[in-house]
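Structure, as structure tokens:
The values are calculated or read from the model by the stated rules, or taken from the named source; none is laboratory data. Owing to the predicted nature of the structure, the values given are computational and were not obtained by experimental measurement. Reconstructed Cβ throughout: ideal geometry from the backbone, glycine too, with neighbour counts over all protein chains shown. We work out accessible area using only protein heavy atoms, side chains counted, and drop any ligands, DNA or RNA first. Shrake-Rupley method; radii C 1.70, N 1.55, O 1.52, S 1.80 Å.
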Amino acid sequence: MNDSILIIGGGIAGINAALNAAKYGTKVYLVDDTASIGGMMARLDKTFPTNDCSICIEAPQMYEVDNHPNIETLTNTEIRKVKKIDGDFNVKLVQKARYIDPEKCTGCGACVEACPVSIPDEMDGKISGMRKLVYMPFPQAVPNVVVIDPDCRFGNMREQGACIGGCVVDCSQCRECPIALCVLACQKEGKDAVRLWQSNKNLKLEVKSIIVAAGIMDAKPPTGLHGYDVFDNVITYVQFERLMNAGGPTAGQIIRPSDKEHAHRIGWIQCAGRGLDHGVPYCSKVCCMVAAKQTIITKEHDASVDTTIYYNDLKAYGKGFWGFYQKAIENGVRYVRARPYDVVEDPGNKNLTIRYENLETGELVKEEVDLLVLSTGLVPSDRKNI
């Protein structure tokens, strides 16, 4: 009897589901539409309330998944069709081309260094994060194999200076390339792993069960919410998380997007957009502890930084969470029960003035910060897999 399981989503939830099922001898197909498993957790700095390194927790599990005999990992793969027949699920998938031979690529990075074009990273662009057109998703990626941006492969980045796409012969018809710098760099390393003629691969699976591990993402603030996408120094709490991360675009330096100077006064607005017609209508429960964690780590970076959290209600529902909140206060974090209603930028120094109603006193107050962080809540991933 076919008792295999398809798990859609290779984040921390999908990884743990795969390991649990595989330990019982079940064949598991772990599918993710990105170039590496790991999901959101792989991009975080630390986890509350212990402040342990996030990737230090997840990376061993990613390695175990990659080496487990009962788990087959299909990255860069999308679900196209699911049909139930006689109690089983027939699944059609497409594995998108990486334009790299995973058996030959060692992740040396020579092709990345040779690539002449850098573009804003999808997650870190707001805070100056950049990546090459040939890139590794993150240092601990599984599989540890680079991927070539399809826009580069199909000649859409020529105006930005890409070396691929200027040939009169299409890559799918050619097996040698004297033009592409990534090809030449890889060959110089003796690897010959770049495969510009690689195409998408159609796959079919028959499984007994399907687990949808949708994953999470932060709700993107609408343009103008507290100055987001209008003022340079208004960012989301996920973007701030990347600022704190030593493996992030700023190597852990908490700097302002506008001038790359260290921020000395930082404010967090909780429940940003909640209750509005374009905001998340529910409480995500974790945002309060995320803000507490970020303020504590900010203080560890520089104890002189002024940190203020503007909140409506406090959620400390889990084990150790109330103590974690108390730790933030002991570290000098200022909590203000407030309803922010306006944010104005000083065009000279790019500082931000927050106008809010103090919900304890009823007063209208103005305060200035160097950097403003919006906690907008969490929503299910919008990736194509789901």
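Going by the conditions given, is G224 closer than 30 Å to I127 by Cβ, free of Cβ contacts under 8 Å to residues at least 60 places away in the same chain, out of contact with any Pro (no Cβ under 8 Å at 6 or more places or on another chain) and not basic (K, R)? Lay out the reasoning, then the answer.
Details: closer than 30 Å to I127 by Cβ: yes; free of Cβ contacts under 8 Å to residues at least 60 places away in the same chain: yes; out of contact with any Pro (no Cβ under 8 Å at 6 or more places or on another chain): yes; not basic (K, R): yes.
Taking the combined requirement at face value, the residue satisfies it.
From R153, R256, R242, grab the single residue that is within 19 Å of the chain's Cα centre (by Cα) and basic (K, R).
On the way: R153 fails: within 19 Å of the chain's Cα centre (by Cα); R256 fails: within 19 Å of the chain's Cα centre (by Cα).
Selected residue: R242, the only one of R153, R256, R242 that is within 19 Å of the chain's Cα centre (by Cα) and basic (K, R).
Select the strands (runs of 3 or more DSSP E) contained entirely in region 146-260, then report the ones holding at least 3 residues which are closer than 30 Å to A17 by Cβ and open to solvent by less than 50 Å² (accessible area, probe 1.4 Å). Let's see the steps before the verdict.
Numbers: elements: 201-207, 209-212, 216-218, 234-236.
Of the strands (runs of 3 or more DSSP E) lying wholly inside region 146-260, those with at least 3 residues that are closer than 30 Å to A17 by Cβ and open to solvent by less than 50 Å² (accessible area, probe 1.4 Å) span 201-207.
So, in region 104-142, of the ones that are open to solvent by 60 Å² or more (accessible area, probe 1.4 Å) and without any contact (Cβ under 8 Å) to a residue 12 or more places away in the chain, which residue ends up nearest to the chain's Cα centre (by Cα)?
The selected residue is E122.
Looking only at region 91-98, decide whether some residue is closer than 27 Å to A17 by Cα, over 23 Å from the mean Cα position of the chain (by Cα), at pLDDT below 95 and surrounded by fewer than 18 Cβ atoms within 10 Å (Cβ to Cβ).
no
Quick check: is even one residue across region 41-51 closer than 30 Å to C288 by Cα, β-branched (V, I, T) and either touching a strand residue (DSSP E or B) at 6+ places or on another chain (Cβ under 7 Å) or not in a strand (DSSP E or B) (or both)? Walk me through how you get there before you give the answer.
Within region 41-51, the first condition is being closer than 30 Å to C288 by Cα, and the residues that meet it are 41-51.
Within this subset, residues satisfying the condition of being β-branched (V, I, T) are 47, 50.
Those left that are additionally either touching a strand residue (DSSP E or B) at 6+ places or on another chain (Cβ under 7 Å) or not in a strand (DSSP E or B) (or both): 50.
Scanning region 41-51 turns up at least one residue that is closer than 30 Å to C288 by Cα, β-branched (V, I, T) and either touching a strand residue (DSSP E or B) at 6+ places or on another chain (Cβ under 7 Å) or not in a strand (DSSP E or B) (or both).
Counting only residues that are open to solvent by 10 Å² or more (accessible area, probe 1.4 Å) and within 14 Å of Q61 (Cβ to Cβ), how many does region 25-41 have?
2
If we scan region 207-219, do we find a residue that is more than 30 Å from A291 (Cα to Cα) and among the acidic types (D, E)?
Restricting attention to region 207-219, the residues satisfying the condition of being more than 30 Å from A291 (Cα to Cα) are 207-211.
Filter once more, so that each one left must be among the acidic types (D, E): none.
Within region 207-219, none of the residues are more than 30 Å from A291 (Cα to Cα) and among the acidic types (D, E).
Regarding region 143-151, can at least one residue be identified that is more than 30 Å from K83 (Cα to Cα) and of a type in the set (D, E)? Talk me through it step by step, then tell me what you get.
Of the residues in region 143-151, the ones more than 30 Å from K83 (Cα to Cα) are 144-149, 151.
Next, only the ones that are of a type in the set (D, E) stay: 149, 151.
Checking region 143-151: at least one residue is more than 30 Å from K83 (Cα to Cα) and of a type in the set (D, E).
Taking only pairs six or more apart or across chains, which ones have beta-carbon atoms under 7 Å, a first residue in region 271-289 that is of a type in the set (K, R), and a second residue that is open to solvent by less than 20 Å² (accessible area, probe 1.4 Å)?
Going by the 7 Å Cβ cut-off, the qualifying pairs are R274/V280; R274/G377.
In region 42-79, which residues are surrounded by fewer than 21 Cβ atoms within 10 Å (Cβ to Cβ), over 19 Å from the mean Cα position of the chain (by Cα) and polar (S, T, N, Q)?
Passing the criteria: T50, N67, N70.
Does D277 count as of a type outside the set (S, T, N, Q) and touching a His at 6+ places or on another chain (Cβ under 8 Å)?
Values: of a type outside the set (S, T, N, Q): yes; touching a His at 6+ places or on another chain (Cβ under 8 Å): no.
Taking the combined requirement at face value, the residue does not satisfy it.
Going through region 270-281 one residue at a time, which ones are crowded, with 19+ Cβ neighbours inside 10 Å and over 17 Å from E367 (Cβ atoms)? Break it down into steps so the answer makes sense when it comes.
Residues of region 270-281 that are crowded, with 19+ Cβ neighbours inside 10 Å, as a first pass: 270-273, 280.
Of everything in region 270-281, those that are crowded, with 19+ Cβ neighbours inside 10 Å and over 17 Å from E367 (Cβ atoms) turn out to be C271, G273, V280.
Determine which member of the set A18, A13, A22 is open to solvent by 20 Å² or more (accessible area, probe 1.4 Å), assigned to a helix (DSSP H, G or I) and either under 19 Å from K92 (Cα atoms) or modelled with pLDDT of 95 or more (or both).
On the way: A18 fails: open to solvent by 20 Å² or more (accessible area, probe 1.4 Å); A22 fails: open to solvent by 20 Å² or more (accessible area, probe 1.4 Å).
So the residue among A18, A13, A22 that is open to solvent by 20 Å² or more (accessible area, probe 1.4 Å), assigned to a helix (DSSP H, G or I) and either under 19 Å from K92 (Cα atoms) or modelled with pLDDT of 95 or more (or both) is A13.
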